[in-house]
Amino acid sequence: MVEKEERILRQNAHEINQHAETFQEMKLYNAMRKGIMQGKKREKRRIYSYGVGMVVAAAAAVLLTFSFLHGAPVTEISEHSVQTASTKNWDNFKEYRLSSRLLDPALASALQQNLVKPVRQSAESKGYRVDVAGAVTDGRKVFVLYSVQNNTDKEINHADFSLQFGAFKDPYPGKGTVLMMLGPESRIPPGQSVDFIYSTNLPPSVHSKEANYHVALTETSEEALASSGSRKSKYRTDLDIAFELDPDMLKDQQHTLTADRTLTVDGQKIKVRQVLYTPLSTYVDLEYDKNNEKRIFQLINPVLISKKGDTTEKLYYPGIITSDNSVAYSDDSKATLVFKNSKYSQPDSVSLKTFGISAVDKDQMKIVVDLNKKQIIEEPGSDLELVEPTPENNADTGEILLRQKIDNAQYFNTITWLADSFTDAQGKVHKKAINPTSSSSYGVSKSMDGTAVHEIPYNFGEEAKNYPQPLTIPIEKFINPIWDTQAVELYSKN
């Protein structure tokens, strides 16, 4: 799999994670699903579920995103684990280095430059051991490398995980948090160990060097999985590893170019505030003008072009930090493009080029459907098709599929998302229904020529056909390409 495809898979996984609550049917393990549903009926306590698991490359590494469903807050105090110095031989992070092509480019860069700080602390309890090998941060993103050793006779898996970094702790439901394992399986068989990588986006307020990584492990029977959200569960074990990590550990190797230039695409203004160069990544901070007529979701195929003497460097296919995956931003007016680390942290000149934007007029942020006529009455653009679910989908009455064809899909790192409530023709608001037995799910199928078909399930509920028609669904995000190639020079030393 080429680097571009890997990055797009990773970006899509982040997007899906932020909305995992809206399609609970997407579970990583079929065996887990029944246990979780039974557990939800038995108790209104915190329940752990997988959001999406994505195989990045066969028999190599797996990227997982997680979401957490909350009932009453957990107040039980778990049995304390015992922390000691780790005795595991990490051999200079050899296993991670061997998988570096499949890792987040920022972590791969950190390993290549020997920037990962050794931690080498472990915690043990009830036959489980968690060894934290090392960690690294550039103040924008943090990575924790660790392994889980299972010295019991039962298979185990994560029930929870989080990082406390000074006053910062993963916000519910784990905004931007990703857990990756080296290998094809996240479950840890008896007598075996699995290596993991935790990462999350950080707010700018992290100043403390005090870090604590928390892991909760559970057996994998249906009963164990259904009760694993409670710290009182007899199947769950909580372990904590405290260590020091300086959020400014790479500050001396960072460089900021203040830009404050405006990129105008299709008449929409995008302020480029600054470019931050770190040994891990290159960050381009954007702010969308609030007076724009359109809601911008992303730039299409942005390219950061740097020149140093007679040499030109072009960075493609960035990730993105938004209010969806970071507490650094409180609304969708700001975003940060995350490119690979640059060879030139102090270039002679740097420009940002884009081939367009994905955007929708602010007064068109809705889809209007008439269930009785089986028609889409109003939508942004004309790419949506209303599809009746097949019997194989086990769909409820009132459940539909919206199908969207996307050309040049490789350029988009967002997915169309709809609100969890809708309004009938008389203005009454209704909550979207949830069908736990439905096999319809948010999904994107891509072809070799770059086109994609995006299927979006929406369950209005059994009584929806009796509501005053048509029904209006607010749009949260929408793929709507506007092709308009533009560029802006951000800096020139001349």
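The values are calculated or read from the model by the stated rules, or taken from the named source; none is laboratory data. Note that the coordinates shown come from a computational prediction; the quantities given were computed from them, not determined experimentally. No Cβ is skipped: glycine too gets one built from the backbone with ideal geometry, and neighbour counts run over all protein chains shown. For accessibility, only protein heavy atoms count, side chains too; no ligands or nucleic acids. Shrake-Rupley method; radii C 1.70, N 1.55, O 1.52, S 1.80 Å.
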- Search result, residues across segment 264-310 that are over 26 Å from ASP252 (Cβ atoms), assigned to a strand (DSSP E or B) and of a type in the set (Val, Ile, Thr): THR264, VAL265, ILE270, ILE296, VAL303, ILE305
- Item | Among the residues listed as LEU304, LEU286, the single one being open to solvent by less than 10 Å² (accessible area, probe 1.4 Å) and more than 19 Å from SER323 (Cα to Cα) | LEU304
- Could we say that GLU392 is at pLDDT below 90, acidic (Asp, Glu) and either in contact with a Phe, Trp or Tyr (Cβ under 7 Å, 6 or more places away or on another chain) or surrounded by fewer than 17 Cβ atoms within 10 Å (Cβ to Cβ) (or both) here? yes
- Note on the structure: Considering only strands (runs of 3 or more DSSP E) wholly within segment 334-428, the ones with at least 3 residues that are within 29 Å of PRO203 (Cα to Cα) are 334-340, 349-361
- Item | Subset of segment 460-494 [more than 13 Å from THR423 (Cα to Cα), assigned to a strand (DSSP E or B), open to solvent by less than 70 Å² (accessible area, probe 1.4 Å) and out of contact with any Leu (no Cβ under 8 Å at 6 or more places or on another chain)] | LYS477, PRO481, ILE482, ASP484, SER492
- Just a yes or no: is a residue in segment 134-148 of a type in the set (D, E, K, R) and modelled with pLDDT under 95? no
- Message: Considering only segment 405-417, I want to know if a residue exists there that is free of Cβ contacts under 8 Å to residues at least 60 places away in the same chain, more than 24 Å from LEU299 (Cβ to Cβ) and open to solvent by less than 20 Å² (accessible area, probe 1.4 Å).
- Response: no
- Item | Residue match in segment 326-335 (condition: within 27 Å of ASN114 (Cα to Cα), modelled with pLDDT under 95 and open to solvent by 20 Å² or more (accessible area, probe 1.4 Å)) | no
- How about segment 291-315: which of its residues are under 18 Å from VAL488 (Cα atoms) and in contact with a helix residue (DSSP H, G or I) (Cβ under 7 Å, 6 or more places away or on another chain)? ILE300, ASN301
- Flagged in segment 85-119 as in a helix (DSSP H, G or I), under 18 Å from LEU315 (Cβ atoms) and open to solvent by 60 Å² or more (accessible area, probe 1.4 Å), in numbering order, are ARG101, GLN112
- Out of all the residues in segment 340-357, is one or more over 30 Å from GLN253 (Cα atoms), crowded, with 18+ Cβ neighbours inside 10 Å, aliphatic (A, V, I, L, M) and touching a strand residue (DSSP E or B) at 6+ places or on another chain (Cβ under 9 Å)? yes
- Task: State all residues of segment 438-468 that are among the β-branched types (Val, Ile, Thr) and at pLDDT 65 or above; if no residue qualifies, say none.
- Result: THR451, VAL453, ILE456
